1. Out of (1) under 24 Å from residue D:49 (Cβ atoms); (2) part of a strand (DSSP E or B); (3) under 20 Å from the mean Cα position of the chain (by Cα), the odd one out for residue B:119 is which?
2. Here are some residues: B:142, B:205. Which one is within 11 Å of chain C (Cβ to nearest Cβ) and crowded, with 21+ Cβ neighbours inside 10 Å?
3. Provide a single number: the residues in the stretch C:150-196 that are assigned to a loop (DSSP other than H, G, I, E, B), touching a helix residue (DSSP H, G or I) at 6+ places or on another chain (Cβ under 6 Å) and under 17 Å from residue C:209 (Cβ atoms).
4. Determine which member of the set B:221, B:233 is assigned to a loop (DSSP other than H, G, I, E, B) and modelled with pLDDT under 95.
5. In the stretch C:37-57, which residues are in a loop (DSSP other than H, G, I, E, B) and within 7 Å of chain A (Cβ to nearest Cβ)?
6. Residues of the stretch A:158-172 being more than 13 Å from chain D (Cβ to nearest Cβ) and surrounded by 24 or more Cβ atoms within 10 Å (Cβ to Cβ), which ones?
7. What are the residues in the stretch B:85-94 that are under 20 Å from the mean Cα position of the chain (by Cα) and not in a loop (DSSP other than H, G, I, E, B), if any?
8. Identify all residues within the stretch B:191-202 that are surrounded by 21 or more Cβ atoms within 10 Å (Cβ to Cβ) and either in a helix (DSSP H, G or I) or more than 14 Å from chain C (Cβ to nearest Cβ) (or both); write none if there are none.
């Protein structure tokens with residue numbers, strides 16, 4: 001069994017450099033690699049291109065990297081809820097590439113699956129389609145989208161084993177399995193790390209082959225963005 | 001909760017007609033929809049196009065449909081181990097479209113995922129690429145492959161619930177989840193059918209949205225093609 | 001009388017059909033879940049990766065690992081399923097999700113929708129909206145008939161950058177129910193107490209008005 | 001002396017590196033799993049949907065739901081994972097599987113391989129071979145140096161319909177180890193007791209022979 005365990009976040013981040021492209025799993029603040037982001041925000045690396053569905057909030061998630069101006073370009077589908085983001089974008093220091101969410105997910109999967117490009121109907125006729133090839137299939141126009149890959153992908157799972165196999169929980173799965181496939185080096189941080197053999201092979205969401213380094217996350221805040229509840233009647 | 005249960009195989013097959021295109025999950029004889037195939041082989045429908053990784057053996061699996069000459073065209077990646085198949089193919093009554101296994105899997109997924117076409121390196125420079133568009137990405141030539149869909153997809157799972165959610169077992173998963181996505185009507189037969197709510201939502205392999213009809217299979221032979229064992233020392 | 005948001009949601013809920021898979025956008029569309037007609041089974045899909053979404057959790061039972069696309073804490077119904085974002089959009093793009101209800105800033109008479117970007121303002125992004133409108137079989141827009149300045153949002157041609165083309169099938173506003181036909185907007189229903197003249201006045205686009213226009217039944 | 005199938009597999013096993021993911025084809029390649037060098041951890045992927053494949057099951061423990069791509073009953077190692085065929089070929093096409101070992105009918109000096117079709121004979125299909133050879137970083141061919149008629153399978157140009165282009169990196173035959181370089185086949189090793197002349201005679205393609213060619217160490 002191939003052992004993917006690294007014992008601390010420094011080993012997990014070995015090789016990260018300025019001007020690299022990183023992917024981050026998560027939807028909003030749910031399922032984000034909290035420990036990796038926190039550690040990256042303390043490193044003196046800048047000029048980063050970050051691929052993530054969202055951009056965190058002002059003092060959490062990717063907001064931490066934005067605050068230190070480590071990010072030069074964001075590739076996302078939705079970047080609200082972040083005032084610092086807005087300042088940098090409007091002042092022109094932060095480049096933003098907005099991508100339909102489904103295309104973002106599929107482009108990451110494609111990057112990991114050796115599919116360099118595919119056609120999708122999403123964005124046809126909009127500014128997203130500008131400069132992209134349009135082709136009709138079954139009487140409907142589609143645009144050609146290309147694969148996304150990254151120097152490092154950072155993902156977060158609920159449970160993982162020493163072979164790198166991952167199981168996610170709830171909707172914290174989201175982009176994590178796709179970005180795990182698309183990183184040249186994929187770092188998985190998990191809430192619980194168990195020995196190989198403890199997870200049911202039939203329940204693995206991300207097979208270990210996609211993971212280069214796995215570590216037990218030190219601490220998870222798991223912040224909730226919109227706490228909505230109903231009253232007990 | 002949307003209820004997908006049909007109580008017998010006749011209801012499950014309602015609407016199947018001659019000259020339709022069917023998909024069948026399974027790899028070799030592992031994970032094939034045994035009950036659906038057996039029932040189809042007793043219906044007077046002919047001229048079928050069947051998409052399946054393999055073509056069964058002489059007296060089991062798709063071999064049953066071949067024996068009655070119900071199939072006019074097979075779309076597969078590997079069709080050995082079937083003498084009747086060979087006879088019909090060599091005599092020209094059975095058309096065969098051979099597709100690289102990975103392209104077959106991805107084309108079914110694409111059909112279910114609304115991706116009409118994608119580029120793959122598999123088959124470039126071979127006769128599989130004949131008539132297909134070639135384009136270079138990252139210095140490497142790729143060919144354009146199109147999506148596959150079917151009038152009916154027949155899949156087999158280990159456990160399923162009344163909402164159509166499926167869990168497969170072992171390598172019997174194979175093409176089943178992909179073809180489940182690509183059928184206009186997908187019929188899932190399962191070894192064990194349970195009420196909605198009994199399966200852990202986190203362990204579902206195929207969400208019920210892809211399934212139109214689900215039924216408890218009457219009987220599973222689960223034949224082994226190559227029984228290989230080692231001796232206890 | 002012009003409808004409030006809940007009444008708009010209630011009217012849209014009448015469009016739900018038995019055994020439909022539905023994606024509800026943020027805002028008014030979310031409220032549709034509160035008005036599912038009796039005897040109708042539907043399942044709600046949220047594009048961040050859940051099918052069979054249930055109501056908000058009871059206080060104290062919120063789970064950071066279980067949210068909807070609006071980042072709100074949710075629950076799951078029995079028979080729910082969880083999946084990754086690529087599978088989620090496979091459901092959407094592959095037309096397995098049959099109905100999408102979403103808000104809009106503008107809709108044009110050929111069914112174009114604009115709901116993601118206002119030039120000169122901070123752009124938050126399209127999220128999953130472009131995938132949804134490009135693929136759903138049936139797209140219903142829930143919105144106010146006019147914007148805050150009183151200008152019509154039902155237009156001959158969208159002025160804002162569009163989210164998708166030829167996609168909207170029906171619009172339910174505070175004033176009316178409109179269908180997008182190949183000849184333009186067809187007026188189907190009036191909000192209770194709202195006159196034909198009020199609707200025409202609030203609408204920049206031409207309206208096809210055949211026979212008498214009934215009031216909505218709510 | 002010319003190597004038997006087990007010795008060819010044993011020589012190929014020397015190419016395994018620590019922490020490699022490996023896909024073994026049917027035939028001689030399957031035997032490679034029996035000769036993993038000590039201290040080397042590798043995981044075997046089978047394209048029908050398993051990573052971390054183990055040995056054959058003990059008699060009576062065969063499971064129809066657990067087979068390899070050759071349809072043989074197998075077991076799983078601790079830490080194994082199961083997945084569908086699309087994910088399996090994502091691993092292959094996406095170059096996550098680092099080494100593929102497979103058989104061939106012909107290999108040409110530019111690295112083309114033919115192993116799926118003989119015109120005029122029943123064609124069984126390419127299975128996963130075309131995906132594997134189009135994508136693996138490292139492809140090693142295991143085969144006999146000549147066919148049953150004694151004709152070379154190491155050719156200037158493939159005569160049979162090819163499975164993939166410019167893909168083979170190394171060939172281990174019963175007679176020799178060859179590397180595919182951009183200048184053609186480079187002879188690396190001889191089977192024990194096999195002379196340079198025997199190899200040259202059994203090879204239709206030109207061989208690049210630099211310095212003295214050592215015998216394989218098995």
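The values are calculated or read from the model by the stated rules, or taken from the named source; none is laboratory data. Computed from a prediction, not measured in an experiment: that's the story for all the values here. Using ideal geometry, Cβ is built from the backbone for each residue, glycine included, and neighbour counts are taken over all protein chains shown.
1. Failing condition for residue B:119: (3).
2. B:205
3. Number satisfying all stated conditions: 1.
4. Just a single option satisfies the conditions, and that option is B:233.
5. C:47, C:48, C:49, C:55, C:56, C:57
6. A:168, A:171, A:172
7. B:85
8. Within the stretch B:191-202, just B:201 meets the criteria.
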